[in-house]
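See below for the structure under consideration.
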Amino acid sequence: MDFDEEIRAAAGVILDKIRKHNFVRIFSHYDADGLAAAGIMCNVLFRMGIPFHTSIVPKLSPHMLHEEDGMIFLCDMGTAHINMIWETLGGRDVVVIDHHEPPVSSISAHEQQHLELPRKVVSLFDMERSSSHSTLTYDDARTRSALIHINPVLAGDDDTSCAASLTYMVARYLTEDGKKGNIDLAGLAIVGALGDYQEMNRGINNLILEESLKEGVISTRKGLKLGDGVIKDVLLYATDPYTELTGYPDRIEKFIQDLGLDAQKKMSELSEEEHRKIASALLSSHTSSSDTKNENTLFGTIYILHEEVVKNSYDLMRIIDTCGRFGKGGIGIALCLRDNGMLDEALRYLRKFQVKLITELKRAREDIHEMSDIYYFYVRERGITGTLAGVLARYIFTDKPVIVLNRIGKPDDETKVSARCGSHFKGSVDLARAIEIASKNVGGFGGGHPTAAGASIPAGTEDEFLSLINQIIGEQRKQFLQKAVK
Ligand SMILES: [Mn+2]
């Protein structure tokens, strides 16, 4: 079966089960991709008249899953927790839609029990049997309690789909007659992919892109990837992509004047030529070597979403991402359900988020600490740790991975850590592995992706943790260089 057929078969089983339970409990991750994925499912269930309850969470934990009714959907998470899902939800119908690698760890005995997942896009597990993780056929899955696990990464898909694009592919067949539908939700799939920094012109993402263009759900134009709004505001609050003008109103005023543009005009009112002019002026004004030097980061295809409450895909992505990080996932979902009554409040959160971020970016430029193989920084604002680390690593301190530590608003005994590095470290640095080992060694836990990882460590172990992670990353880079020489 090819991908589309496999998803269609899985969707057939899922549709049966949704109708049988007549209630769906959704858990999804709190970033733009997780929110968009949950938003797609909410739209589909709403259209089917099926009651549902959605929770947007930073991570999956067993206590959330206890005593929940109905069918359970986990989006943008679950692959790493198959064993826990198994133990907690035996006898239930569960759908996992994820695009994360299972953890490689073999350190603790508990983790050694990790289920060896089949290297397939869709796997169906029997949830009625407690002795072994036996798989089911599509037919058997209809009559037995099943775990329907969808994750193309296991089948070797590298980064051409995200939770939102996968959920959308399933949603395409969650229709009355099982024929293709829900195509108008494609904009949300694109928002999720942009949130996870994925390319749109490959694999599953590309399939969605081309179909939605053809169906008129979206259109494209060339322009700055900074979102819409009055030029001077857009430049003032731009954090990703970050530019050297971000946070400096005087410089922006002069910049706009020098280009002969009307500062009160909106980005969407400017021609492609004017967008290009701004982009090249920004690129030439950049002093540090950074991802903004790369023109594609700043300028390229803009997806215009005809069906959504926010038309510019970058704006919608940033708005729902902020909602999730501020614990306002409900507002993000409301926007995905096209309720524009929530838009003003969401935009206020976005501004608040940007101001916090810009304040800390300015402070980090002065105050960041440096070790042989990492930078590190203690953040003073809540809810921005991961985003701050990402902006610092991609645009400002690009020559080493950046570790941001957060003790603000955490329990007294816990320090949260986010590690990020630029995409040019792919292959030479594995932050997920480094952070997993370093955090375990100091009595914490962590993991993630090779270029974006996070951990929670006991307060007081920060120095030990930093010197460990510095050492591990140093080793990784050394080994990579040695291999490259051979
Ligand atoms: Mn994701």
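Observations on the structure shown:
- Meets criteria (surrounded by fewer than 24 Cβ atoms within 10 Å (Cβ to Cβ), away from the ligand (no atom under 16 Å from the Cβ) and β-branched (V, I, T)) for I231: no
- The condition of being assigned by TED's automatic domain parsing to the domain that holds G192 and within 16 Å of the ligand (Cβ to nearest atom) holds for only one of D16, D33, that being D33.
- Of all residues in segment 328-345, those satisfying the criterion of being in a helix (DSSP H, G or I) and touching a residue at least 24 places away in the same chain (Cβ under 8 Å) are G329, G330, G332, I333, L335, C336, N340, L343.
- Considering segment 47-58, the residues that are outside any strand (DSSP E or B) and touching a strand residue (DSSP E or B) at 6+ places or on another chain (Cβ under 8 Å) include one that is farthest from the ligand (Cβ to nearest atom), namely P51.
- Residues that are surrounded by 15 or more Cβ atoms within 10 Å (Cβ to Cβ), touching a His at 6+ places or on another chain (Cβ under 9 Å) and in a loop (DSSP other than H, G, I, E, B) are absent from segment 294-303 altogether.
- Scanning segment 65-85 for residues that are assigned to a helix (DSSP H, G or I) and either within 21 Å of the chain's Cα centre (by Cα) or buried (at least 17 other Cβ atoms within 10 Å of the Cβ) (or both) yields a count of 6.
- Here T135 meets each of (1) modelled with pLDDT under 95; (2) within 16 Å of the ligand (Cβ to nearest atom) with one exception, condition (2).
- If only residues of segment 145-163 that are assigned to a helix (DSSP H, G or I) and in contact (Cβ under 8 Å) with a residue 40 or more places away in the chain are counted, the one that is surrounded by the fewest Cβ atoms within 10 Å (Cβ to Cβ) is V153.
- Residue tally, condition more than 16 Å from the ligand (Cβ to nearest atom) and closer than 27 Å to G300 by Cβ, over segment 172-201: 7
- Only one entry in D228, D139, D184, D159 is in the same structural domain as G300 (by TED's automatic domain parsing) and of a type in the set (D, E), namely D228.
- Top-ranked residue in segment 397-446 [being in contact with a strand residue (DSSP E or B) (Cβ under 6 Å, 6 or more places away or on another chain) and among the small types (G, A, S); ranked as nearest to S61 (Cα to Cα)]: G446
Residues checked against (1) among the hydroxyl-bearing types (S, T, Y); (2) in contact with a Ser or Thr (Cβ under 7 Å, 6 or more places away or on another chain):
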{"residue": "L209", "(1), (2)": "no, no"}
{"residue": "I218", "(1), (2)": "no, yes"}
{"residue": "P241", "(1), (2)": "no, yes"}
{"residue": "T246", "(1), (2)": "yes, yes"}
{"residue": "Q257", "(1), (2)": "no, no"}
{"residue": "Q264", "(1), (2)": "no, no"}
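- Enumeration of residues in segment 346-374 that are in contact (Cβ under 8 Å) with a residue 24 or more places away in the chain, of a type in the set (D, E) and assigned to a helix (DSSP H, G or I): E360
- Some residue of segment 239-254 being closer than 18 Å to K311 by Cα and surrounded by 20 or more Cβ atoms within 10 Å (Cβ to Cβ): no
- Scanning segment 155-169 for residues that are within 15 Å of the ligand (Cβ to nearest atom) and of a type in the set (A, V, I, L, M) yields A163, A164, L166, M169.
- Residue list for segment 445-464, restricted to those being surrounded by 15 or more Cβ atoms within 10 Å (Cβ to Cβ) and of a type in the set (G, A, S): G446, G447, G448, A452, A453, G454, A455, S456
- Of all residues assigned to segment 346-358, at least one qualifies as being surrounded by 19 or more Cβ atoms within 10 Å (Cβ to Cβ), in the same structural domain as E308 (by TED's automatic domain parsing) and over 30 Å from I435 (Cβ atoms).
The values are calculated or read from the model by the stated rules, or taken from the named source; none is laboratory data. Computed from a prediction, not measured in an experiment: that's the story for all the values here. FYI the Cβ positions are ideal-geometry reconstructions off the backbone, even for glycines, and counts take in every protein chain you see.
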